[in-house]
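The values are calculated or read from the model by the stated rules, or taken from the named source; none is laboratory data. Model, not experiment: these values are computed from the prediction. Note that each Cβ is placed from the backbone with ideal geometry, even for glycine, and that neighbours are counted across all protein chains shown. To get the accessible areas, we keep the full protein, side chains included, count just its heavy atoms, and leave off ligands, DNA and RNA. Shrake-Rupley method; radii C 1.70, N 1.55, O 1.52, S 1.80 Å.
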Amino acid sequence: MALSFSSLSVFLSTFLFCLSLGAEARRSPVSSVVSEELFDSIFLHKDNAACPAKNFYTYDSFTMASRSFPRFGSSGSLTTRKREVAAFLAQISHETTGGWATAPDGPYAWGLCFKEEVSPQSDYCDSTNQQWPCYPGKTYKGRGPIQLSWNYNYGAAGKALGFDGLRNPDIVSNNSLIAFKTALWFWMTEQKPKPSCHNVMIGKYVATEADLAANRSAGYGLVTNIINGGLECGIPGDSRVNNRIEYFKRYATLFNVDTGPNLDCAYQNSFQTVS
């Protein structure tokens, strides 16, 4: 059936609006550091049929989410900016990896394969936290690129980003834009005594006396400590830490930058709490 003039106008307006959204996303500061082509070469298999997150983590969602955090990927020299973005993408790749030792294109080409934790061991409810009380029947397992976990993180992220993280935690694995925003929120936000991952990667982190006593020094390893140090740091040769490092090495090569020093947290004491 032929479209009427008014129907055609609506269709064209909607089409042009969608195109404009993509154009707006690509004008974010981070798009000058990582193009869609580079993004796709990093995440070769994120849309593989075997990945539960197939078609969920889009480039446009990533770049549009980054507009809410304009300092991400835009602070410091071009090398610093590239290294920060590479580090962020490496960490979320480990958190969502679907790779294995003999995987096609190697184990570090399968980031962003999952959007929520598989077989969680608990409901991640810290009942002692009165600021962000758990909502009955809800679980706060890992979701999204950073695998946001625990009621206190869902509550704080939701308040910062404008959604009810305690009553509706599932939105982090159902809405791609919000999913990326939670990961960037965690990356950019200082949660004392933890510094922000952002400040560590751009060279603005200043070690406290407690950090020095705990052997915590600036570098990618400290970022791992911020994200999941309570489970992974202070353990020489930990396979999870090594996985994070190998992702970072691959991505740094693709960005044509060096990784910087202190890649692991094998001899760092942790901050205890996790993402």
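The phi torsions of the stretch 84-93, fed into the Karplus equation with coefficients 6.51, -1.76 and 1.60 and a -60° offset, translate into couplings of 5, 5, 4, 5, 4, 5, 5, 5, 6, 5 Hz, rounded to whole numbers, with Gly and Pro shown as x. So what's the angle, to the nearest 10 degrees on a 0 to 90 scale, between helix 239-255 and the longest Cα principal axis of the chain? Approximately 50 degrees, to the nearest 10.
If you plug the beta carbon distance of residue 212 and residue 50 into 1/(1 + (r/R0)^6) with R0 = 41 Å, you get a FRET efficiency near 0.35. Rounded to 0.05, the FRET efficiency of the residue 159 and residue 254 pair, given R0 = 22 Å and the Cβ-Cβ distance, is 0.05. Close amide-amide hydrogen proximity is noted between residue 148 and 143, each under 5 Å apart and 5 or more residues distant or on a separate chain (H modeled in the peptide plane; Pro and chain starts excluded). Extension gain for the segment residue 77 to residue 267, taken as residue separation times 0.36 nm less the Cα-Cα distance, is 65.4 nm to one decimal.
When the Gaussian network model of the chain links Cα atoms closer than 10 Å, the mean-square fluctuations of 81, 143, 167 top out at 167.
The angle between the Cα long axis of helix 5-26 and the main principal axis of the chain comes to about 20°, on a 0 to 90 degree scale. For residue 129 and residue 38, FRET efficiency with R0 = 45 Å and r from the beta-carbon atoms, rounded to 0.05? The pair residue 38/residue 129 has a calculated efficiency of 0.70.
Taking all protein chains as they are arranged and a probe of 1.4 Å, the heavy atoms of residue 259 leave approximately 30 Å² accessible to solvent.
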